[in-house]
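Only one structure is covered here, and it is reproduced in the block below.
Nothing in this text is a laboratory measurement; each read-out follows from the coordinates by a stated rule. Keep in mind that this is a model prediction, so the values were computed, not measured. Methodologically, a virtual Cβ is constructed for each residue, glycine included, from the backbone with ideal geometry; neighbour enumeration extends over all protein chains shown.
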Ligand SMILES: [Zn+2]
């Protein structure tokens, strides 16, 4: 079951981002990593910001991170959110993947206390009924 | 190195604004609003509108300069320029670009304009139904990060966490805008004062931002006409010169999906120092400031990055009394100001700003900055000579302008 209501915009994969979405379907968290200098990079880009190499690969990242920042959204800006509960968005830092940050929802009570620095783990939220199916990466307290 | 600064080379000849309406309430088409504001600026300058030969705007303004020049019968089109980037980050950059065109001889009489009638197009704070998110948006939009408030709240949240910022600091910024709007009959919130209780009771939009931390959406248009400095003394108003301007953002501010190395920033850490260096001033020299309020948290960081106070001073500095043009003893004499600060006073957003005058994508803030130098603000800071604008905190690029009176040259 999805954390946000059905009817939210779905992610579209493209040539640059497809490996991430494919891995998420298999419950693996992957991040871009430079084939030349091994710099981690997120979001995906065509070249490495550290060495300008175009040999960007993908590496599996540990599925634990820390909350770097957050927000709690009340005002529904999308029709699917009208009349629904607030929801928490977290920015999660992955210390073991070069400190890159990912955006997701913090699962659980939308009014729960959110603590910057707290440890969280990835939860793969499958949308199997969607056509084509896709998987979001969400977060919960460890 | 004098040739590498805009300082004193360009002057503001005229400013023009239409009536400001709540969103969707303009009785005029957006393009007509643009024409009306430009004509008002030309009239204010005492310059024949057919003399306008250049146009500069920002944020993908929909009103094409070639059509405007044709509509107004301008004798020649010599410069048409669009500053990249969304939100109000280009509000001062468009002035910088227009001034550069004049200083380099591309054009002689350049108008900076912005026109908005959002009801006639799609509003900023609303997403389309259903749909899909492509590219980098795919990593944020499906999680409900769509509106400007949602895109930028986490930058401020991080900054507030790192520096222990209290809610009273944001409240003071909001109240300063509403306070100043009560003296400004043009302001959409004229006659609608905001109390501490109203602010505290207002609903959350995106925590940490309440309703009164967020800008309005409005209809209207604004324009600023620039000419070479040599012409300034022959124009009707007290001369107002551009002393400095800069646009951009720090290292990798635009790294995708919230990965800027310096995250808790309003994007001014390199831009504001460049504008001030070009103007040859420090923060303590500034008499009055306009800081673009998309959200009050962005204003707070912007004031820090313009050097008005340190992050750890924010809770003490940001009170309504310190930000109002008529506050207490007023602006302290320059001799009493400590380096890097202003003795605890900074008249801020003196027309009411985006929160309470009008959300004209911040071009109204540059107009108010000019009014302060002319001595014509509804909340005039006595003897104001140096007037600063910070446009579009937290987006990239952002931009700053520094205006000065004749005595500052
Ligand atoms: Zn590399």
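Return the total of residues in segment B:58-73 being under 25 Å from the mean Cα position of the chain (by Cα) and over 16 Å from residue B:91 (Cα atoms).
The total comes to 3.
Check off (1) over 17 Å from residue B:403 (Cβ atoms); (2) in contact with a helix residue (DSSP H, G or I) (Cβ under 6 Å, 6 or more places away or on another chain) for residue B:13 and give me the number that stays unchecked.
Residue B:13 satisfies all of (1) over 17 Å from residue B:403 (Cβ atoms); (2) in contact with a helix residue (DSSP H, G or I) (Cβ under 6 Å, 6 or more places away or on another chain) except (1).
Please work out if residue B:153 is in a helix (DSSP H, G or I), buried (at least 24 other Cβ atoms within 10 Å of the Cβ) and at the interface with chain A (Cβ under 9 Å from one of its Cβ atoms).
Yes: the conditions hold for residue B:153.
If residue B:221 satisfies every condition in (1) in a loop (DSSP other than H, G, I, E, B); (2) under 23 Å from residue B:91 (Cα atoms); (3) more than 9 Å from chain A (Cβ to nearest Cβ) but one, which is the exception?
Checking residue B:221 against (1) in a loop (DSSP other than H, G, I, E, B); (2) under 23 Å from residue B:91 (Cα atoms); (3) more than 9 Å from chain A (Cβ to nearest Cβ), the one that fails is (1).
Working only within segment A:9-32, note down all residues that are out of contact with any strand residue (DSSP E or B) (no Cβ under 7 Å at 6 or more places or on another chain) and either within 16 Å of the ligand (Cβ to nearest atom) or part of a loop (DSSP other than H, G, I, E, B) (or both).
A:13, A:14, A:15, A:16, A:17, A:26
With (1) touching a helix residue (DSSP H, G or I) at 6+ places or on another chain (Cβ under 9 Å); (2) within 25 Å of residue A:131 (Cα to Cα) as the list, and residue A:25 as the residue in question, which single condition is left unmet?
Of (1) touching a helix residue (DSSP H, G or I) at 6+ places or on another chain (Cβ under 9 Å); (2) within 25 Å of residue A:131 (Cα to Cα), only one is false for residue A:25: (1).
Can you go through B:170, B:226 and tell me which one is within 22 Å of the chain's Cα centre (by Cα) and either within 11 Å of chain A (Cβ to nearest Cβ) or within 29 Å of residue B:27 (Cα to Cα) (or both)?
Details: B:170 fails: either within 11 Å of chain A (Cβ to nearest Cβ) or within 29 Å of residue B:27 (Cα to Cα) (or both).
Going through B:170, B:226 in turn, the sole match is B:226.
Considering only residues that are buried (at least 22 other Cβ atoms within 10 Å of the Cβ) and more than 26 Å from residue B:239 (Cβ to Cβ), which ones fall in segment B:39-62?
B:59, B:61
Do we have residue A:83 as more than 16 Å from the ligand (Cβ to nearest atom) and either part of a strand (DSSP E or B) or over 16 Å from the mean Cα position of the chain (by Cα) (or both) here?
On the way: more than 16 Å from the ligand (Cβ to nearest atom): yes; either part of a strand (DSSP E or B) or over 16 Å from the mean Cα position of the chain (by Cα) (or both): yes.
Yes: the conditions hold for residue A:83.
Among the candidates B:282, B:248, B:297, which residue alone is within 13 Å of chain A (Cβ to nearest Cβ) and touching a residue at least 12 places away in the same chain (Cβ under 8 Å)?
Answer to the check: B:297.
When you look at residue A:90, is it within 16 Å of the ligand (Cβ to nearest atom) and either assigned to a helix (DSSP H, G or I) or in contact (Cβ under 8 Å) with a residue 40 or more places away in the chain (or both), yes or no?
It is false that residue A:90 is within 16 Å of the ligand (Cβ to nearest atom) and either assigned to a helix (DSSP H, G or I) or in contact (Cβ under 8 Å) with a residue 40 or more places away in the chain (or both).
For segment B:238-272, which residues satisfy the criterion of being over 30 Å from residue B:407 (Cα atoms) and within 15 Å of the chain's Cα centre (by Cα)?
Residues satisfying the conditions are B:266, B:267.
What is the number of the single condition among (1) surrounded by 21 or more Cβ atoms within 10 Å (Cβ to Cβ); (2) within 16 Å of the ligand (Cβ to nearest atom); (3) more than 7 Å from chain B (Cβ to nearest Cβ); (4) under 19 Å from the mean Cα position of the chain (by Cα) that residue A:98 does not meet?
Unmet condition: (1).
Quick check on my filter: what residues within segment B:234-245 are outside any loop (DSSP other than H, G, I, E, B) and in contact (Cβ under 8 Å) with a residue 12 or more places away in the chain? It would help to see each step written out before you state the result.
Taking segment B:234-245 and keeping what is outside any loop (DSSP other than H, G, I, E, B), we get B:234, B:240-245.
Across segment B:234-245, the qualifying residues are B:240, B:241, B:242, B:243, B:244, B:245.
Tell me which of these residue A:72 doesn't satisfy, since it passes every other one: (1) away from the ligand (no atom under 16 Å from the Cβ); (2) crowded, with 17+ Cβ neighbours inside 10 Å; (3) without any contact (Cβ under 8 Å) to a residue 40 or more places away in the chain; (4) closer than 21 Å to residue B:151 by Cβ.
(3)
Taking the options B:162, B:166, B:196, name whichever one is out of contact with any strand residue (DSSP E or B) (no Cβ under 8 Å at 6 or more places or on another chain), without any contact (Cβ under 8 Å) to a residue 60 or more places away in the chain and surrounded by fewer than 18 Cβ atoms within 10 Å (Cβ to Cβ).
B:196
Mind listing whichever residues of segment A:9-39 are more than 10 Å from chain B (Cβ to nearest Cβ) and touching a residue at least 24 places away in the same chain (Cβ under 8 Å)?
Of everything in segment A:9-39, those that are more than 10 Å from chain B (Cβ to nearest Cβ) and touching a residue at least 24 places away in the same chain (Cβ under 8 Å) turn out to be A:19, A:23, A:24, A:25, A:27, A:28, A:29, A:30, A:31, A:32, A:33, A:39.
Give the residues of segment A:33-63 that are part of a strand (DSSP E or B), within 14 Å of residue A:16 (Cβ to Cβ) and within 12 Å of the ligand (Cβ to nearest atom), sorted by residue number.
Matches in segment A:33-63: A:41, A:56, A:57.
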